[in-house]
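Report on the following structure.
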Amino acid sequence: MCGIVGYVGPEEAGPILLQGLKRLEYRGYDSAGIALLNGSGVQVVKRSGKLSSLEQAVQEDSPSGTCGIAHTRWATHGAPNQPNAHPHTSSQGDIALVHNGIIENANDIRTQLSAIGYVFTSETDTEAVVHLIDRLWVEGEPLEDVVAAALRRVEGAYGIAVVSSRDPGKIVIARNGSPLLIGVGKNGETLAGSDAAAVIALTRDVVYLDDGDYAVLDMDGYRIKDIHGAQVSRTTHEVTWDLEAIEKGGYEHFMLKEIFEQPSSLRDVMRGRLMEEDGDSRLGGIAHHQPNLSRVRRVVITACGTSWHAALLGEYMIEELARIPVEVEYASEFRYRNPVLEDGTLVLAISQSGETADTLAALREAKHRGISTMGVVNVVGSTIARETDYGIYLHAGPEIGVASTKAFTSQLVALALVTLNIGRRRHLSVVQGGGIVRALKELPDQVEKVLELDSQIRSLAEAYADARNFLYLGRGLQFPVALEGALKLKEVSYIHAEGYPAAEMKHGPIALIDEDMPVVVLAPRDAVYQKVVSSIEEVKARRGRIIAVVTDEASELDGKVDHIIRVPQTIALLQPILTTVPLQLLAYHMAMIRGADVDQPRNLAKSVTVE
Ligand code: M6R
């Protein structure tokens, strides 16, 4: 949510900053801007709309300088127009600042500064901080000291980067609640980024700031201080993925690329972790925490969006195989309740980005109460990964498409691996465990088979592209799949869609069904198959149009439903992976046919780092 990039070094900063912004655009695309320091001061160029508008403006204005900051915005305070675009500057234009997060006392600061003559030109909370820095600056003081002084008066969440012609040749960055890292260059350059994608073209060595840290970046490197002003050292991490991973690689969209990457992302999440003979999983991230895990009496899984759907499936897995009671909580609700978290509870946070503000807040609340925490996270080194007591990574590689696809299926496999691990130390037999391991091993090839249905699903999308509503029905383990299918369709194609437990349909949604209502029914051969067939009959009786996702080669549904999507059969606990993939493709093709911007759907951003 909002992207920040900074560069100080021997090269012209403009092209490097724009390249960084391009890789961060998935974090927000309402407006973008850059500020460069040069001999004549701070030069700012910003535009509303996508990055391409800024690129054009930069070409026309040709700003120059070897030290600068840049930003791509997902609007929180103020409309997505040019005055509200970052960087924001002091009245004399000699300080420029970019910000990710929300300054909660911005109105108070604004009122105080307006009373003494400061003029505000935007509706943003950010502008208050830049004027505050100006107000507090005593001549001769280094930029970092005045930024630190200003931040002591600021309440809220921020990742910021500041430059000023009053103290040139440096960037000051600070973090409290919004991710920020330093890219350690090798040729006299130092970079800043809100995630590693911003800096990966120039360096793989990154240093994540902790909350309360601020840092000075210049051509000699970087210095970090903590909230108390004490110099601190933070570990350097190596980014393990390549630039290729954040490029489209011949696909029209990241979403499609990531859907098609699933056979390999599933192999990656399982690599080195399956123990077929023992019917067990080997998970380095939790191996040293077995004594803690054996004390767990209850699990609370917390997450948002697609990760929350994975959590619902995690509940089935853990209850079924490890026989531990599980509750699933929206992180955004959990954080404001007063949840009962007694001794023996494990809070499990699931997040692709590892930066989702609500999930992080829920996790911190659990930690505050002394509860042990575990993470299932994709982005290595992210805040949730660092703040959980232990956990496992998805190793799915960067997910750039705003609609989460490969992360979801990897989350399901990761949860199966965790469940196997816990279950084998409780009630799960080696034979049962072995069966799950064998089913896991077959999954990537089975997903490849599902992907072969792409053109069939595209034709289906053509037939339904004008639909105004969609209903997704599933029962048991297929109910979260119905929710996920509906979410995918909503977010990329803007068609209203609802996911419902199949049997609940008759308690209300059945009133919506007529010949204009496409209904996707998840009907793999499982324990509730016959019940789902009854729901199909009920839809059919009301002339609803049915698209059934099935596992049978041929069945009574063949003549009954309007369209059949056949996917391979696996064990019930893993079947959601194979039934989800066609729904991802359906959402993608519907969006494409309707001309929607699949990778950057309106109003959304990839990681939601504000409340
Ligand atoms: O990074 P996280 O997994 O914590 O993100 C959670 C949600 O914001 C995310 O899944 C969102 O719902 C996606 N856009 C869904 O496709």
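Values of log10 I(q)/I(0) for the stretch 390-525 across q = 0.16, 0.19 Å⁻¹ run -1.04, -1.27, by the Debye formula with one identical scatterer at each alpha carbon and no solvent. When +1 charges are put on Lys and Arg Cβ atoms and -1 charges on Asp and Glu Cβ atoms, the dipole computed for the stretch 246-356 relative to its Cα centre reaches about 220 debye.
Over the stretch 249-451, all Cα pairs binned in 5 Å intervals from 0 give whole-percent P(r) values of 1, 8, 17, 21, 21, 16, 10, 5, 2, 0, 0, listed from short to long. Note that the stretch 562-611 carries a Kirkwood radius of 13.6 Å, evaluated over its alpha carbons pair by pair. Listed by chain and number, the lysines whose C-alpha is less than 21 Å from the C-alpha of residue 490, apart from same-chain residues fewer than 8 away, are 257, 406, 606.
As a proxy for reagent exposure, 319, 537 were ordered by neighbouring Cβ count within 10 angstrom, fewest first; the result is 537, 319.
When each of 67, 304 is scored by the number of other beta-carbon atoms lying within 10 Å, the sequence from fewest to most is 304, 67.
A viscosity of 1.306 mPa s and a temperature of 10 °C, combined with the Kirkwood radius over Cα pairs in Stokes-Einstein, give a translational diffusion coefficient for the stretch 112-237 of 104 µm²/s. Shown for the chain are the DSSP H helices of 20 Å or more along their axis, judged by Cα atoms, with a mean Kyte-Doolittle hydropathy of at least 0.0: 406-424, 430-451, 479-493, 575-593.
From largest to smallest, the equivalent ellipsoid semi-axes obtained for the stretch 315-392 from the alpha-carbon gyration tensor read 19, 16, 12 Å. Amide hydrogen proximity for residue 280: with H placed 1.01 Å from N in the peptide plane, the residues at 5 or more positions away or on another chain lying under 5 Å are 275. Pairwise Cα distances in the stretch 457-575 exceed 23 Å for 21 percent of all pairs.
Helix-only arithmetic for the chain: the sum of -39500 (n - 2.57) across DSSP H runs with n ≥ 4, divided by the residue total, places the mean residue ellipticity at 222 nm at -10500 deg cm²/dmol. Of all DSSP beta bridges located in the chain, what percent are antiparallel, nearest 5? Taking every DSSP beta bridge within the chain, about 60 percent pair in antiparallel fashion.
Entry note, the stretch 455-593: relative contact order of 30 percent, from Cα contacts under 8 Å with a spacing of 6+ residues. Once you treat every alpha carbon in the stretch 3-239 as an equal point and sum by Debye, what is log10 I(q)/I(0) at q = 0.07, 0.10 Å⁻¹? Values returned for q = 0.07, 0.10 Å⁻¹ are -0.18, -0.38.
Translational diffusion coefficient of the chain (Stokes-Einstein, Kirkwood radius from Cα pairs, 37 °C, 0.692 mPa s): 129 µm²/s. Shown for the stretch 3-239: lysine pairs separated by 8 or more places, or found on different chains, whose C-alpha atoms are under 29 Å apart, numbering 9. Once C-alpha pairs closer than 8 Å and six or more residues apart are averaged by separation and normalised to the residue number of the stretch 158-220, the relative contact order reads 37 percent. Panel order for 611, 277, by other beta carbons found within 10 Å of each beta carbon, from fewest to most: 277, 611. The aspartates and glutamates within cross-link reach of residue 367, meaning a Cα-to-Cα straight distance under 18 Å and a gap of 8 or more places when in the same chain, are 210, 211, 327, 329, 333, 342, 343, 355, 358, 387, 389. Compute the separation of the alpha-carbon centres of the stretch 420-489 and the stretch 150-212 and state it in Å as a whole number. Each part reduced to its Cα centre gives a spacing of 40 Å.
Pairs of alpha-carbon atoms within less than 8 angstrom and 6+ residues apart define the contacts here; what relative contact order does the stretch 1-146 have, in percent?
24 percent
For the stretch 3-239, DSSP calls about 100 percent of its internal beta bridges antiparallel.
All of the numbers you see were taken from the coordinates with simple rules; none came from a lab. Note that the structure is a prediction, hence the values are computed from the model and not measured. Neighbour counts run over all protein chains shown; Cβ positions are idealised from the backbone, glycine included.
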